[in-house]
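A quick write-up on the structure given underneath.
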Amino acid sequence: MEIIKVRNLVKNFGELEVLRGIDLDVAEGEKLVIIGPSGSGKSTLLRCLNILEEPTEGSIEFAGIKITDPQADLPKIREEIGMVFQSFNLFPHKNVVENITMAPLIVKKMDRPEALEIARSLLEKVGLSDKAESFPAELSGGQQQRVAIARALAMQPRVMLFDEPTSALDPEMVGEVLEVMGDLARDGMTMVVVTHEMKFAQEIGDRVIFMDEGLIVEEGKPRQIFTEPRSSRTRSFLTRVM
Ligand code: ADP
Ligand code: MG
């Protein structure tokens, strides 16, 4: 069962052709990893998946709904697609619990005790039960990113998109964030992850796609892509990053 179906996705910024015809399906429960050089369109692709960027051409279906239709209920769809960015983007003047409960309270109109209960259990899941009252500035980068993941999960999304979630972290904090993402993968979450963490990609990825210059150049099982890439472009990228 496909939860995301992308057909001939094209995205231009003015004259710049950033996505040049992407076809991509993501199955329910699948862990898809996207790799590729800087500027190849990975972030733009993720942002198109919840229409944070409006596609220039092509269509995207989410859970059977054509979200590229002008009539699509985008706020409703975005509730079902969680996103975690490279920069943690927490609300600086709100504490951890407030960061996590805000969208459920306001967007989902959840009642406060339920939102607090969800926040409590998510903080436990990401190993930050003792930081509920802390403010973002009082947390390390790794802790902030784990809060950002908990905040996205609080909306109970059907899919989680991760855009290089560990790239802005000091090396010693990468592991704790990947561990939380690994747990989520094992829980069965559908995940689309842009990352250069190749070991992680091999551990959790069902499939890897390699993008270059706005196109999917190659896709396959992690082991195949990493150990015997077919394309010379994939090979030369991997020798640079691995
Ligand atoms: P990646 O995530 O693979 O590094 P991006 O999707 O961020 O690539 O960017 C692909 C290209 O699109 C880059 O050349 C970038 O400068 C350009 N780009 C991205 N966002 C915008 C924007 N909002 N306006 C203009 N150009 C953009
Ligand atoms: Mg990017």
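The values are calculated or read from the model by the stated rules, or taken from the named source; none is laboratory data. Since we're looking at a predicted model, the values are computed, not measured. Glycine also receives a Cβ, built like all others from the backbone with ideal geometry; neighbour counts cover every protein chain displayed.
Please state which of the following conditions Glu80 fails to meet, knowing it meets all the rest: (1) within 16 Å of ligand 1 (Cβ to nearest atom); (2) surrounded by fewer than 21 Cβ atoms within 10 Å (Cβ to Cβ).
The failed condition is (1).
Can you say whether Ile216 is surrounded by 18 or more Cβ atoms within 10 Å (Cβ to Cβ), aliphatic (A, V, I, L, M) and within 16 Å of ligand 1 (Cβ to nearest atom), as far as the supplied structure shows?
Considered against the rule, which asks whether it is surrounded by 18 or more Cβ atoms within 10 Å (Cβ to Cβ), aliphatic (A, V, I, L, M) and within 16 Å of ligand 1 (Cβ to nearest atom), Ile216 comes out as yes.
Which of the numbered conditions does Gln86 fail, given that it passes all the others? Conditions: (1) within 24 Å of Val174 (Cβ to Cβ); (2) in a loop (DSSP other than H, G, I, E, B); (3) modelled with pLDDT of 95 or more; (4) within 16 Å of ligand 1 (Cβ to nearest atom).
Against the list (1) within 24 Å of Val174 (Cβ to Cβ); (2) in a loop (DSSP other than H, G, I, E, B); (3) modelled with pLDDT of 95 or more; (4) within 16 Å of ligand 1 (Cβ to nearest atom), Gln86 comes up short only on (3).
Taking segment 12-43 on its own, how many of its residues are without any contact (Cβ under 8 Å) to a residue 60 or more places away in the chain and within 12 Å of ligand 1 (Cβ to nearest atom)? Spell out how you get there, then give the answer.
As a first pass, look at segment 12-43 and keep what is without any contact (Cβ under 8 Å) to a residue 60 or more places away in the chain: 12-16, 25, 38-39.
Restricting the remaining residues to those that are within 12 Å of ligand 1 (Cβ to nearest atom) gives 12-16, 38-39.
Counting residues in segment 12-43 that are without any contact (Cβ under 8 Å) to a residue 60 or more places away in the chain and within 12 Å of ligand 1 (Cβ to nearest atom) gives 7.
Could you pull out the residue among Met181, Met160, Met211 that is surrounded by 19 or more Cβ atoms within 10 Å (Cβ to Cβ), under 13 Å from the mean Cα position of the chain (by Cα) and part of a strand (DSSP E or B)?
Working: Met181 fails: part of a strand (DSSP E or B); Met211 fails: under 13 Å from the mean Cα position of the chain (by Cα).
One residue alone meets the criteria, Met160.
Consider only pairs whose beta carbons are under 8 Å apart and that are at least six residues apart or on different chains; among these, list those whose first residue lies in segment 111-129 and is outside any helix (DSSP H, G or I) and whose second residue is acidic (Asp, Glu).
Here the result reads Gly127/Glu176, each pair linking segment 111-129 to a residue that is acidic (Asp, Glu).
Residues checked against (1) acidic (Asp, Glu); (2) more than 20 Å from Asn50 (Cα to Cα); (3) away from ligand 2 (no atom under 16 Å from the Cβ):
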| residue | (1), (2), (3) |
| --- | --- |
| Thr166 | no, yes, no |
| Leu169 | no, yes, no |
| Glu176 | yes, yes, yes |
| Asp183 | yes, yes, yes |
| Thr195 | no, no, no |
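Can you confirm whether Thr101 is part of a helix (DSSP H, G or I), within 16 Å of ligand 1 (Cβ to nearest atom) and either at pLDDT 95 or above or surrounded by fewer than 15 Cβ atoms within 10 Å (Cβ to Cβ) (or both)?
no
Give all pairs with beta carbons closer than 6 Å in which a residue from segment 211-240 that is within 16 Å of Val194 (Cβ to Cβ) meets a residue that is surrounded by fewer than 19 Cβ atoms within 10 Å (Cβ to Cβ) and of a type in the set (S, T, N, Q); count only pairs at least 6 apart in sequence or on separate chains.
Hits for this filter: Val217/Ser231; Glu218/Ser231; Pro222/Gln202.
For every residue, the table says whether it meets (1) touching a His at 6+ places or on another chain (Cβ under 9 Å); (2) buried (at least 18 other Cβ atoms within 10 Å of the Cβ).
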position: Phe135; (1), (2): yes, no
position: Glu138; (1), (2): no, no
position: Leu153; (1), (2): no, yes
position: Leu169; (1), (2): no, yes
position: Met189; (1), (2): no, yes
position: Gln224; (1), (2): no, no
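Name every residue in segment 163-178 that is in a helix (DSSP H, G or I) and more than 25 Å from Ile3 (Cβ to Cβ), in order of residue number.
Pro171, Glu172, Met173, Val174, Gly175, Glu176
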